[in-house]
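Structure, as structure tokens:
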Amino acid sequence: MAGSVTAEEQKFCLKEVLDTFKLCLTENKEVYLEHYVAGWRGLVKFLNSLGSIFGFISKDAVNKIQILVTYLNGENGSQYVTVQSMVKYELDNELVDITRRGSHPESGCRTLLRLHRALRWLELFLERLRTSSEDSKTSVMCAEAYNESLAKHHPWVIRKAAGMAFCVLPGRPAFFEVMNVSPPEQVVPMLGEAIPLISEVYQVTEGLYAQHNLLDLP
Ligand SMILES: CCCCCCCCCCCCC/C=C/[C@@H](O)[C@H](COP(=O)(O)O)NC(=O)CCCCCCCCCCCCCCC
């Protein structure tokens, strides 16, 4: 039934995100945009299942995913197959605002950079989650990971709103439940598998952006 398929699609599952990140890297370590974006879609599902207080975060993520998907499906879609080809294409064709926002406020490069920075948050957060004890607070782990990564790119209001949202994160047991891993004892080993994959995708992208001086795109 169409209805139940949709419900299933809406449900987050850690395994699925893991599988998507596995598909992200090509043989010569380029990052497939399609799978990168699919990974983010999966993560947004997770965020949505935590409640509407996270709506402002998932809305921004969805918006950025959508920008990238539009390029992927657009007439120049073949230039957007990997992050490497996207960077080359957009730079060669002067489609990126380099120093201040101008005629290309939604380039693929600057849009992906926002998600890329968030991927670092994810890596730090999942690593804390993996090594945490049963009574650890997800809100603290989340805030620490945020302060070490995304926070330095966000203005005060966003940091404030994010900090408030973190406070209502469910505790570690409920959090693990939302991940939909069975048996739940599998969460920690599964995180152990996921984190190096996410980390590698992050490192490859970071290296590419550094090489082209794109880490501060407005
Ligand atoms: C589990 C708790 C989730 C907490 C999420 C932590 C990240 C907090 C980010 C707060 C972003 C607030 C929204 C607005 C952001 C934008 O201003 C800002 C800059 O964009 P602009 O240059 O176009 O203006 N945008 C961004 O930095 C991109 C943020 C994207 C955040 C995506 C977060 C997805 C979280 C997925 C959670 C998955 C947990 C998985 C556990 C198994």
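The values are calculated or read from the model by the stated rules, or taken from the named source; none is laboratory data. What you see is a predicted model, and the numbers here were worked out from it, not measured in a lab. Please note: Cβ atoms are built from the backbone with ideal geometry, for glycine as well, and neighbour counts cover all protein chains shown. Areas reflect the complete protein model, heavy atoms only, side chains present, ligands, DNA and RNA absent. Shrake-Rupley method; radii C 1.70, N 1.55, O 1.52, S 1.80 Å.
Kindly check whether there is at least one residue in segment 153-166 that is touching a Cys at 6+ places or on another chain (Cβ under 6 Å), at pLDDT 95 or above, closer than 25 Å to Val37 by Cα and not small (Gly, Ala, Ser). Yes, some residue in segment 153-166 is touching a Cys at 6+ places or on another chain (Cβ under 6 Å), at pLDDT 95 or above, closer than 25 Å to Val37 by Cα and not small (Gly, Ala, Ser). Looking only at residues in segment 93-111 that are in contact with a helix residue (DSSP H, G or I) (Cβ under 8 Å, 6 or more places away or on another chain) and outside any loop (DSSP other than H, G, I, E, B), which one is surrounded by the most Cβ atoms within 10 Å (Cβ to Cβ)? If we take residues in segment 93-111 being in contact with a helix residue (DSSP H, G or I) (Cβ under 8 Å, 6 or more places away or on another chain) and outside any loop (DSSP other than H, G, I, E, B), then Gly108 is surrounded by the most Cβ atoms within 10 Å (Cβ to Cβ).
Close Cβ contacts (under 7 Å, 6 or more residues apart or on different chains) running from residues in segment 45-68 that are closer than 16 Å to Cys13 by Cα to residues that are part of a helix (DSSP H, G or I) and open to solvent by less than 30 Å² (accessible area, probe 1.4 Å) comprise Leu47/Phe54; Leu47/Ser58; Asn48/Ser58.
Put simply, of Ile53, Ile57, Ile67 the only residue that is under 30 Å from Leu169 (Cα atoms) and in contact with an Asp or Glu (Cβ under 6 Å, 6 or more places away or on another chain) is Ile67.
The lone criterion from (1) near the ligand (Cβ under 9 Å from one of its atoms); (2) free of Cβ contacts under 8 Å to residues at least 24 places away in the same chain; (3) of a type in the set (Gly, Ala, Ser) left unmet by Gly42 is number (2).
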